[in-house]
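Working notes for the structure below.
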Amino acid sequence: MTNKYQINQDYLVKFADWKNSKNENSVGFISEIAENSKNLFAESKFPTTKDEEWRFTNISNFLKSDLKPATFEDFASKLIPESVFQNSLKNTKSIKLVFQNGFFNEHLSSISNLNGKVVLGSVDKISKEKPELFAKYFNKSKNTKSTFELLNNLFAVDGFFLFVPKNVVVEMPIEVINLIGNETQNLLVSTHNLIIVEENAEVKVIFQSVLDNSHTNYHNYFTEIFGGKSSRIEIYDTEESLINKIGTTEIVLEENSLFNHFSFSLSANFVRNNLNAKLNGEHIEAHFYGLYTEKQNEHVDNHTFINHAKPNCFTNEVYKGILTDNSKAVFSGKILVEKDSQKTNAYQSNKTILLSDNARIDTKPQLEIYADDVRCTHGATVGQLDKDSLFYIISRGIPKEIAQSMLIRAFLAEVIDAIKIPELREQINHKVFFSLNQREI
Amino acid sequence: MLSIKNLKAKVEEKDILKGLNLIVNPGEVHAIMGPNGSGKSTLANVLAGNPNYEIIDGEVEFCGKNLIEMSPEDRAREGVFLAFQYPIEIPGITNSTFLKTAIDEIRKYRQQEEMSPKEFISLIKEKAAILEMDNSLISRSVNEGFSGGEKKRNEILQLLMLNPKLAILDETDSGLDIDALKIVSKGVNAFKSKENATILITHYQRLLDYIIPDFVHVLYKGRIIKSGGKELALELEAKGYDWVKELAEDEE
Ligand SMILES: Nc1ncnc2c1ncn2[C@@H]1O[C@H](COP(=O)(O)OP(=O)(O)OP(=O)(O)O)[C@@H](O)[C@H]1O
Ligand SMILES: [Mg+2]
């Protein structure tokens, strides 16, 4: 091993210590991946703002934070705060799985009324019980991994696993709640999730990162999703205010599948989401929605990459945000249409409203199109709340603050109204206004 | 009710209203006509308090109060209503949420109780029926995806729901087919009472066949250059504006 990057070496030292202190049982599949990624990680440099893909997102706070990789102690020793279910669904029947600093807490989870053929729960546990499901998919969604993905490979001990077999429809939404933090230290919590949805199967998953204290904790996630032929998948990815989160969602879709992804960052402290989707079959329809509302010095960065690898697919990407105070957002949306991917329809839009002079958005659409018979559009706008619209509302006797809220709601309607679970839609709506200190409408 | 004296206003450093006088009493309907760009919408916006327009001089008294010093929301609460020439779309906010919010804010200002949801529903159904609007429009987002005519009709629904003292209708008739024109007129006539007043801004005499004005004024280059009864509208329709323009220029 070279002594190339000090920070990587520090993490490898932490890794050696951490291995000793971690849960006795968790040897096997995941440990193997960790061992195998050590060398790659040592050679993989953390990005700086000189790297094109990280120009607008500075990770120096992450590097400086001297994070402690979460261990089994951070799971076992902890009291469960009331807040864990604070933002989960209450009036909608759902399946709930709680992960505490990365470890599955079966006791807090409620899994019921599930088709017997569906397998879900802890990656660690199920990888030992049903290794055949894992071998083909786990850690297989991509070949070359980024530094953060390798870091995840090193430290992830567990994660959410879901297998929905052919023709099975899971009616209830599945909520995956990641509780992050402990009383004393700055934690690095790594979770590695795997979702396999077979042919003609259907499922909805809500990921939620919940922060448990005010320490500087980072949630490093790596989520792999495989959508089989004619599968129907909805993913909602959301986090509590104040959280720091860096991670990757890797999606591979097969023909005729229908895929909806939502990414919500509502007053998160620091977020970098990498979302990569590969359309690996024809006649796929996929929607990627993003919503970010940030204040103070919060920062959210959404990097998306949609690869139209096959013809006749439709994708629509809509990212919308509202920024106030000194907050910053980044959007980078790359669409690749491969040479033989004729009749591709790919739409992208990123719209941001700035409520203060110091808020800032850096947006970068990138289209790489190698086929000739395609329809691709992209557009990015940045602006303020429309004055004429504001006057229209106020002229009906409605006070300015409510008029503003109405325009915020109007601006975000395209994303909020696309949320298919009514209670979640209300919750997100509530959080939007809460996160901006605006009156809810 | 409304008394405008020597009103001068500008927008983006351009003088538009150049000394306008107008008196409107309760129970009256005033039609304001005039060529494009003469300042009709400017007058409407200035009265409603649009911050894009700056008042340079003059006085506007509304029900004994100085209108110019009032915020636009307070003007609405005092009873001024503007039906916009170009209504705005507000996706995600339903017509009923919008109107319920407006009604309750106006009531709050007048120290009245909020309207009960039940009362609100029956009121909006009653008013929508006058305008032959489908009930489904009530739960749709404000003006979103409405046709031009539906938007205008929706403005009149708002008028009927908010029931102001002074209604200013800025070209509510333009873009309407003859059936829609009749319906909108029916709405305005349902609104009219001895206690309230209406200012109709229009280019077309045909609206005035349905809503009979007590006075017709010609606005030209920021001033009212001629006033008369409803026969003036017929004369304008027949002869155009040139003759009044000439009269006005002769006077100068
Ligand atoms: N926001 C604005 N910025 C710049 N100029 C404006 C603005 N609003 C109005 N004007 C100008 O003021 C003048 C009067 O406009 P106004 O809209 O009041 O006319 P109008 O009589 O309503 O015309 P129309 O019959 O076409 O509706 C026009 O020359 C117009 O270009
Ligand atoms: Mg006009």
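Take the Cα gyration tensor of the stretch B:1-134, multiply each eigenvalue by 5, square-root it, and list the three semi-axes largest first, rounded to whole angstrom.
Over the Cα atoms of the stretch B:1-134, the semi-axes work out to 30, 18, 15 Å.
Would you give the gap between the C-alpha center of the stretch B:154-207 and the C-alpha center of the stretch B:1-39, rounded to a whole Å?
18 Å
Largest first and in whole Å, give the semi-axes of the protein assembly as shown's equivalent ellipsoid, each being the square root of 5 times a Cα gyration tensor eigenvalue. Mind showing how you got there, number by number?
Working: eigenvalues 739, 120, 115 Å².
Semi-axes from the Cα gyration tensor: 61, 24, 24 Å.
What does the charge count around B:LEU2 come to, taking other residues whose C-beta lies under 14 Å from its C-beta (Lys +1, Arg +1, Asp -1, Glu -1)? All intermediate terms of the calculation are to be shown ahead of the outcome.
On the way: positive: B:LYS5, B:LYS65, B:ARG75, B:LYS165; negative: B:GLU28, B:GLU59, B:GLU61, B:GLU78, B:GLU195, B:ASP214.
Value of the local net charge: -2.
Among the GluC sites (Glu not before Pro) within the stretch A:394-441, which fall in a DSSP loop and have no more than 15 other Cβ atoms within 10 Å of their own Cβ?
A:GLU440
Taking chain B as the reference, fit the longest principal axis to its C-alpha atoms, fit the long axis of helix B:148-162 to the helix C-alpha atoms, and give the angle between the two in degrees, 0 to 90, nearest 10.
Value to nearest ten degrees: 80.
Please list the non-local residues whose amide H lies under 5 Å from the amide H of A:GLU175, H modeled 1.01 Å from N, same-chain partners needing a gap of 5 or more.
The list, which skips near neighbours in sequence, is A:ILE95, A:LYS96, A:LEU97, A:ILE206.
Out of A:ASN152, A:ASN139, A:ASN58, any idea which swings most in a Gaussian network model of chain A, alpha carbons joined below 10 Å?
Of A:ASN152, A:ASN139, A:ASN58, the most mobile in the Gaussian network model is A:ASN58.
What is the magnitude of the charge dipole of the protein assembly as shown about its Cα centre, with +1 placed on the Cβ of each Lys and Arg, -1 on the Cβ of each Asp and Glu, and no other charges, expressed in debye to the nearest 20?
Here the size comes out at about 680 debye.
What does the charge add up to near A:TYR11, with Lys and Arg as +1, Asp and Glu as -1, over the other residues with Cβ less than 14 Å from its Cβ?
Working: positive: A:LYS4, A:LYS14, A:LYS19, A:LYS38, A:LYS45, A:LYS64, A:LYS68; negative: A:ASP10, A:ASP17, A:GLU43, A:ASP66, A:GLU149.
For residues surrounding A:TYR11, the net value is +2.
Can you list the HN-Hα couplings for the stretch B:126-139, worked out from phi with the Karplus curve (6.51, -1.76, 1.60; θ = phi - 60°), rounded to whole Hz and with x for Gly and Pro?
Result, ordered by residue: 4, 6, 4, 5, 4, 8, 6, 8, 5, 4, 5, 5, 5, 8 Hz.
Apply the Karplus parameterisation 6.51 cos²θ - 1.76 cosθ + 1.60, with θ equal to phi minus 60°, to every residue of the stretch A:218-228 and state each ³J(HN,Hα) to the nearest whole Hz, in sequence, with x for glycine and proline.
10, 9, 10, 10, 9, 10, 10, 10, 10, x, x
Select from the stretch B:40-71 all residues whose loss of accessible area on going from the chain by itself to the full protein assembly reaches 50 Å² or more (probe 1.4 Å).
Buried-area filter returns no residues.
Which residues' amide hydrogens lie under 5 Å from the amide hydrogen of A:ASN105, considering only partners 5 or more residues apart or on another chain, with H built in the peptide plane?
A:VAL98, A:PHE99, A:GLN100
Of A:LEU336, A:HIS107, A:THR377, which is farthest along the charge dipole of the protein assembly as shown in the positive direction, counting Lys and Arg as +1 and Asp and Glu as -1 at C-beta?
It is A:HIS107, whose Cα lies furthest towards the positive end.
Which of the listed residues, A:TYR218, A:ILE174, A:LEU266, is farthest toward the dipole's positive end in the stretch A:132-270, when Lys, Arg count +1 and Asp, Glu count -1 at the beta-carbon?
Comparing the listed Cα positions along the dipole, A:TYR218 ranks first.
At a probe of 1.4 Å, how much accessible area disappears from chains A and B on forming the pair, both sides counted, to the nearest 100 Å²?
2000 Å²
How large is the convex hull of the C-alpha atoms of the stretch B:64-187 per residue, in Å³?
It comes to 109 Å³ per residue, whole-number rounded.
Give me the Kirkwood hydrodynamic radius of the stretch A:26-180, using the inverse of the mean 1/r over all pairs of distinct Cα atoms, in Å to one decimal. Walk me through the intermediate numbers first.
Numbers: mean 1/r = 0.0561 Å⁻¹.
Averaging 1/r across every pair of different Cα atoms and inverting gives 17.8 Å.
Sort B:69-79, A:321-331 by the packing proxy (mean of other Cβ within 10 Å over each peptide's residues), most packed first.
In descending order of packing, they fall as A:321-331, B:69-79.
Of the candidates B:GLN111, B:GLN85, B:GLN158, which one comes out as most mobile in a Gaussian network treatment of chain B with C-alpha springs shorter than 10 Å?
Comparing B:GLN111, B:GLN85, B:GLN158 in the GNM, the peak value goes to B:GLN111.
For the stretch A:201-247, taking Cα atoms only, what is the radius of gyration to one decimal and the Dmax to the nearest whole Å?
13.8, 43
Give me the net charge of B:LEU219's neighbourhood, meaning all other residues with Cβ under 10 Å from the Cβ of B:LEU219; Lys, Arg count +1, Asp, Glu -1. Display every interim value, and only then the final one.
Numbers: positive: B:LYS40, B:LYS221, B:ARG223, B:LYS226; negative: none.
Neighbour charge sum, excluding B:LEU219 itself: +4.
Run the 1.4 Å probe and let me know the accessible area of B:TYR220, rounded to the nearest 10 Å².
40 Å²
With the calculation restricted to Cα positions, what are the radius of gyration and Dmax of the stretch A:75-136 in angstrom?
Rg then Dmax for the stretch A:75-136, in Å: 13.7, 38.
Cα axis of helix B:242-251 to longest principal axis of chain B: angle in degrees, 0 to 90, nearest 10?
Relative to chain B, helix B:242-251 is tipped by roughly 60 degrees.
Starting from the Cα coordinates of the stretch A:189-339, work out the convex hull volume and express it per residue in Å³.
Cα convex hull per residue, to the nearest whole number: 83 Å³.
When DSSP assigns beta bridges and you keep just the ones with both residues in the protein assembly as shown, what percent turn out antiparallel, to the nearest 5?
20 percent
Against the 2.2 N^0.38 Å scaling, with N counting residues, where does chain B land? I'd like the Cα-based Rg ratio to two decimal places. Don't jump to the answer; show the numbers that get you there.
Numbers: Rg = 18.1 Å, N = 252, 2.2 N^0.38 = 18.0 Å.
After normalising by residue count via 2.2 N^0.38 Å, the value is 1.00.
Two decimals, Cα atoms only, Kirkwood Rh: what is Rg/Rh over the stretch A:6-385?
When Rh is taken as the Kirkwood radius, the ratio is 0.95.
Mean-square fluctuation check for chain B, GNM, Cα pairs under 10 Å: which of B:THR42, B:THR101, B:THR198 is largest?
Answer for the Gaussian network model of chain B: B:THR101.
What residue among A:PRO311, A:ASN297, A:LEU275 has its Cα farthest toward the positive end of the dipole of the stretch A:219-330, where the charges are +1 on Lys, Arg and -1 on Asp, Glu, each on the Cβ?
A:PRO311
How do B:HIS217, A:HIS107 rank by accessible surface area computed with a 1.4 Å probe, from largest to smallest?
A:HIS107, B:HIS217
The values are calculated or read from the model by the stated rules, or taken from the named source; none is laboratory data. This one's a predicted model, so the numbers in the text were calculated from it and none came from an experiment. Using ideal geometry, Cβ is built from the backbone for each residue, glycine included, and neighbour counts are taken over all protein chains shown. For accessibility, only protein heavy atoms count, side chains too; no ligands or nucleic acids. Shrake-Rupley method; radii C 1.70, N 1.55, O 1.52, S 1.80 Å.
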